[in-house]
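Step one of this worksheet: look at the structure below.
Here, each number is a calculation from the coordinates, and none is a lab measurement. If you're wondering where the values come from, they're calculated on a predicted model, not measured in any experiment. Virtual Cβ from ideal backbone geometry, glycine too; neighbours counted across all protein chains shown.
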Amino acid sequence: MIERYTLPEIGAIWTEEAKYRAWLRVELAVCRARAKLGEIPPGEVEKLSRRANFDVGRIHEIERETNHDVIAFVSNVAETVDDPVARHFHFGLTSSDVVDTAGALQLKEALGLILDAARELTLLLCEMSLEHRETVMVGRTHGVHAEPTTLGHKLAVWAFEMERNLKRIERAREVASVGKISGAVGTYANVDPAVEELACEELGLSHEPASTQIVQRDRHAEVLSALAVLGSTIEKIALEIRGAQRTEVRELAEPFGRGQKGSSAMPHKRNPILAERLCGMARLLRGYATVGFEDNALWQERDISHSSAERVVLPDATILSYYMLRTALRILRGLEVDKKRMLANLNSGGGIVFSGRVLLALVESGMDRDDAYAVVQDAAMRAWRGEGGFRELLQKREEVRERLDGRLDDLFDPAYALRNLEVVYERVQKLRRRLEDG
């Protein structure tokens, strides 16, 4: 991932230094497991652990000759040990034992950061939902005014979707936190299965119940899929804010810093660049998920067609997901809400958003539904054409005056949209408590 979108705390997990440090952890955990089983003298393992180290530059130098990164790593570690105990290093292992198990350590750590940020975003959405439980605005379907809703209700929808994302990512993290120390083609021919159990236990990982030469890639596909769904949720939030920041709408706006410029040519511009950026990034996450599906089916016990793709998509997907979460938090914490504009938009057209309420009231009064629909639709369409306000056009109809005399104030009061939403906000409060309790 380019530096522009790489936040330091997650970028540090995917550096070359961090990768080789994870490899060393795996190799030494295997050595300690073998010592517990009596395969290596404990003193020699202690000596090996004290001396074992690596130099990234030297590894790259050796790799230019060997054209094999794990062999280059093992050779460099042997140089740093400079002792016969180095013979125990990488004994009985194949490269994927180290690479896949170490990759699980990195992925587990990266997903931990993502989970923390996702919980923070979910909690913020809960708090904002409760804060805006009475912020009335127009609901839209197909981009067209529908009925009144509240900003709090919209935020509640996002909060519960984020809760589902949390569950998906927690599950994906568990599925991905798996190592394998089973040797070439996974048959344990040159390594005791007990070594795998002991080493993975030390590393805080589960172990594959049955593996080929690699950890099975359905696990990674699940991770990338979960991150893609997370990205689609963030995109949903960003897209709503983008739409609401349009000149004709102006109900919401992302933060705009002092000194910020919107356009090199048009000084008046204030563009939703952060929200637009998130929408673009969600497309990348969906592409990475496709790579995860492609990587699952390999030739027999393994090939390395997955390897080149994973070197890109696993760091990139986690780094990007984390960046998107932090940016979404930044947008929402600084979100500008124009309540007056929301009410103005709600009342545009003279109250056509209350057509459903009027329809039901006419039917309740005894009017045939089709007749009532025709009356209300005629007034609404005339209001659309600018022939007058919806309410005024209705009041000119004798059948409406006779049946709804004195009731229009109540029917045109947007507060009715709040009446039964308390049940949603009670659920939001429960979700907030669950998040606060961990």
Where nothing but the Cβ of Lys and Arg (+1) and of Asp and Glu (-1) is charged, how large is the charge dipole of the range 352-411 around its Cα centre, in debye to the nearest 20? 220
Would you mind computing, in nm to one decimal, how far apart the modelled labels at residue 304 and residue 365 are, each placed 7 Å from Cα along Cα→Cβ? 8.0
Angle check, please: helix 273-296 long axis (alpha carbons) against the longest principal axis of the chain (alpha carbons), in degrees 0 to 90, nearest 10. 50
Which value, in debye to the nearest 20, gives the size of the charge dipole of the range 290-406 about its Cα centre, when Lys and Arg are +1 and Asp and Glu are -1 at the Cβ? 760
Contact order normalised by residue count of the chain, Cα under 8 Å, 6+ apart, percent: 18
Mind putting a number on the dipole of the chain about its Cα centre? Charges go on the C-beta only, +1 for Lys and Arg and -1 for Asp and Glu, and I need it in Debye to the nearest 20. 1480
Flagged as over-length at 32 Å C-alpha distance, from 36/167; 340/430; 47/108; 340/396; 47/167; 236/430, the pairs are 36/167; 47/167
DSSP loop (so not H, G, I, E, B), at most 13 other Cβ within 10 Å: list which GluC sites (Glu not before Pro) in the range 331-392 pass both filters. 387
Spatial separation of Cα centroids for the range 27-69 and the range 162-234, in angstrom: 23
Give me the one-decimal nm value for the distance between modelled label points at residue 336 and residue 202, 7 Å along each residue's Cα-to-Cβ direction. 5.8
With just the Cα atoms of the range 90-212, tell me how far they stretch along each of the three principal axes, in Å, largest first. 69, 28, 18
When only Cα pairs under 8 Å and 6 or more residues apart are kept, what is the percent relative contact order across the range 94-340? 22
With the dipole of the chain worked out from charges on the C-beta (+1 for Lys and Arg, -1 for Asp and Glu) around the Cα centre, which of 189, 417, 48 lies farthest toward the positive end? 417
Under the 7 Å Cα-to-Cβ spin-label approximation, residue 426 and residue 413 lie apart by a distance in nanometres of 2.3
R0 of 45 Å, Cβ-Cβ distance residue 15-residue 157: FRET efficiency to nearest 0.05: 0.75
Consider the candidate values (i) 36, 34, 20; (ii) 46, 26, 21; (iii) 61, 22, 18; state which one is semi-axes √(5λ) of the Cα gyration tensor in Å computed from the structure displayed. (iii)
